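This report concerns only the one structure given below.
The values are calculated or read from the model by the stated rules, or taken from the named source; none is laboratory data. This one's a predicted model, so the numbers in the text were calculated from it and none came from an experiment. Neighbour counts run over all protein chains shown; Cβ positions are idealised from the backbone, glycine included. Surface accessibility is based on the protein's heavy atoms, side chains included, excluding ligands, DNA and RNA. Shrake-Rupley method; radii C 1.70, N 1.55, O 1.52, S 1.80 Å.
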Amino acid sequence: MTKTKYRIRRPLSIFMAFAVVMASLAMGFGRLGAHAVTQAVGQMGSYRFRVKTAGQDCEGTGTANSLYVTINYTDSTSAQSNTIPGESSPNYFEADNTDTIDLSPQMPAKPISSITFTSSGGDRWKVDWTALDYWDGSAWQQIASTGSFDSGGGTWTMTYPSGSISLNTSSLNKTLTFSYNYSGSPAAVQIYSEQGATLPASNIPTFTRTGYTFTGWSPSVPSTGPSADTTYYAQWTVNYYTITFDANGGTGGWSQSLAYGSTLTPPTVTRTGYTFNSWSPTPPGTVPASNATYTAQWTVNTYYVIFNANGGSGSMSNQGISYGSSANLTANAFTRTGYTFNGWNTAADGSGTAYADEANFGPMGASNVTLYAQWSVNYYNLTYDANGGAGGSGPTSTAYGTPLTPPTVTRTGYSFSGWQPAVPSTMPAADSTYTAQWTINQYTVSFESNGGSSVASITQNYNTQVSQP
């Protein structure tokens, strides 16, 4: 139940309300006005009853009546004290006595609407005055009273308050403010607490703060209501959480205990043959209020087999293969005049790793690979046809590209005039026959007439019939 409606009884209430609002703003409680201030519950206080019995007269002024006190509260509840017997040990209510009687048990301490006491019995009792006191934690404070009366019993309503001290006003009912005590905090919580009364722990609010552990109040909250308006500040210890960056097959991940709210910078992670994509889930900019694992996400890289003709001709596209995977090589499309393709090798000179045409290649490493075509030279038949002469050769198996030196051929009666076709400088990429070409020789026949008449000489092709002159 809130007490707001009773606060109008306080002096300068409008000024104080303004002051509370301004103070709340200054302390960072900007939302204070959204929360009603409630009265602490379960507070129990100590009360005592005092009475001055009138002096003896001819009829007697003391009483054998018993007495009890009833306190009615503004929340429509009430409490009754123990019964105090009259004129019995220790002889209360004797004539001309001033009695001070502690009421038991303790009674609730909260705003009061009225106080009565009842004298039970028909015996006369003449009183100069009565008072009800409240223990404020350091001294007794009179809160209610009556003047004189002379009666044979009954119920009397005490004047409450009998002075400036009241459980309804700030004289005894103090404002306790419980501050969350951090920037951006929600509203503070306020309660009214009766000074000197027990202050059950159930009245103390329970605060929570994301990422922090509550460690107590500063100053410490007492077990009895304090004597002044007091602000208590929540004390917090930051929590640490285990944050894990899982490299997920790569390197560079870590797991650390980090303070909530501290800057969270993901590590740089690497993984052979992969490209880093992201973290799953996406890390926040600061450490969250729970243990968390962020897992690296990777995309496998594609690397390429580069085909090198290595002296051949033609073109082949690079072949992409995912890291760690295998694939059959693209069929060879290179050619080389005078050579036969003989597979691939990681070294141009064939000293590396050999692969057959369309062989399975893998697993693919984390870099491009160049494969060099390997070639075997072809051999062709080479024939030098002397064509009726001597000195020809062949057929002879001769490697393509071998330098060619034609043989020296001869033919009786003829002169060598060349080869048909002309012999190239190196062995061509085909079986080849080169035929000697000849020019017939002419010879002159001279006649010696031996004293006779002269005879003209005859010039004639080799091996033709010479006519007698």
Criterion: touching a residue at least 12 places away in the same chain (Cβ under 8 Å), over 30 Å from Gly137 (Cβ atoms) and either part of a strand (DSSP E or B) or open to solvent by 30 Å² or more (accessible area, probe 1.4 Å) (or both) - qualifying residue of Thr275, Thr231 | Thr275
Residues located in the stretch 181-195, provided they are aromatic (Phe, Trp, Tyr) and at pLDDT below 95 | Tyr182
List every residue pair whose Cβ atoms sit under 8 Å apart, with the two residues 6 or more apart in sequence or on different chains, where the first one lies in the stretch 343-357 and is in contact (Cβ under 8 Å) with a residue 40 or more places away in the chain and over 17 Å from Ser367 (Cβ atoms) and the second, anywhere, is assigned to a loop (DSSP other than H, G, I, E, B) and open to solvent by less than 50 Å² (accessible area, probe 1.4 Å).
-> Ala348/Asn310
All positions within the stretch 292-317 that are free of Cβ contacts under 8 Å to residues at least 24 places away in the same chain and assigned to a loop (DSSP other than H, G, I, E, B) | Gly314, Ser315, Met316, Ser317
For the stretch 320-370, which residues satisfy the criterion of being in a loop (DSSP other than H, G, I, E, B), among the aromatic types (Phe, Trp, Tyr) and either closer than 28 Å to Gly249 by Cβ or out of contact with any strand residue (DSSP E or B) (no Cβ under 9 Å at 6 or more places or on another chain) (or both)?
-> Tyr323
Residues located in the stretch 79-108, provided they are farther than 11 Å from Phe49 by Cβ and β-branched (Val, Ile, Thr) | Thr83, Thr98
So, in the stretch 403-415, of the ones that are in contact with a Ser or Thr (Cβ under 8 Å, 6 or more places away or on another chain) and open to solvent by less than 50 Å² (accessible area, probe 1.4 Å), which residue ends up farthest from Gln442 (Cα to Cα)?
-> Leu404
Are any of the residues in the stretch 62-69 open to solvent by 20 Å² or more (accessible area, probe 1.4 Å) and in contact with a Pro (Cβ under 6 Å, 6 or more places away or on another chain)?
-> yes
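Residue-by-condition table, conditions (1) within 30 Å of Asn461 (Cβ to Cβ); (2) in contact with a Gly (Cβ under 9 Å, 6 or more places away or on another chain); (3) of a type in the set (S, T, N, Q); (4) at pLDDT 95 or above:
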{"residue": "Thr370", "(1), (2), (3), (4)": "no, no, yes, yes"}
{"residue": "Asn387", "(1), (2), (3), (4)": "yes, no, yes, yes"}
{"residue": "Thr410", "(1), (2), (3), (4)": "yes, yes, yes, yes"}
{"residue": "Ser415", "(1), (2), (3), (4)": "yes, no, yes, yes"}
Go through the stretch 140-156 and give me each residue that's surrounded by 15 or more Cβ atoms within 10 Å (Cβ to Cβ) and not in a strand (DSSP E or B).
-> Gly153
May I ask you to verify whether Ala354 is surrounded by 15 or more Cβ atoms within 10 Å (Cβ to Cβ) and of a type in the set (A, V, I, L, M)?
-> yes
With criteria (1) under 13 Å from Gly196 (Cα atoms); (2) modelled with pLDDT under 95; (3) small (Gly, Ala, Ser), Ser171 comes up short on (2)
Note down all Cβ pairs under 7 Å where the first residue falls in the stretch 137-151 and is within 19 Å of Gly62 (Cβ to Cβ), the second is part of a strand (DSSP E or B) and hydroxyl-bearing (Ser, Thr, Tyr), and they're at least six residues apart or on different chains.
-> Thr146/Thr130; Thr146/Thr159
Determine whether Gly394 is out of contact with any Phe, Trp or Tyr (no Cβ under 9 Å at 6 or more places or on another chain) and either exposed (fewer than 14 other Cβ atoms within 10 Å of the Cβ) or outside any loop (DSSP other than H, G, I, E, B) (or both).
-> no
Just wondering, is there one or more residues in the stretch 26-37 that are at pLDDT 85 or above and open to solvent by less than 50 Å² (accessible area, probe 1.4 Å)?
-> yes
For Thr213, indicate whether it is under 30 Å from Arg48 (Cα atoms), assigned to a strand (DSSP E or B) and touching a residue at least 12 places away in the same chain (Cβ under 8 Å).
-> no
Sort out which residues of the stretch 430-460 are among the aliphatic types (A, V, I, L, M) and without any contact (Cβ under 8 Å) to a residue 40 or more places away in the chain, and write them in order of number.
-> Ile440, Val445, Val455, Ala456, Ile458
Is there a residue in the stretch 217-226 that is surrounded by fewer than 14 Cβ atoms within 10 Å (Cβ to Cβ) and part of a strand (DSSP E or B)?
-> yes
How many residues are hydroxyl-bearing (Ser, Thr, Tyr), closer than 18 Å to Ala331 by Cα and loosely packed, with under 14 Cβ neighbours inside 10 Å if we restrict to the stretch 358-391?
-> 1
Do we find a residue being hydrophobic (A, V, I, L, M, F, W, C), open to solvent by 40 Å² or more (accessible area, probe 1.4 Å) and assigned to a strand (DSSP E or B) anywhere in the stretch 120-131?
-> yes
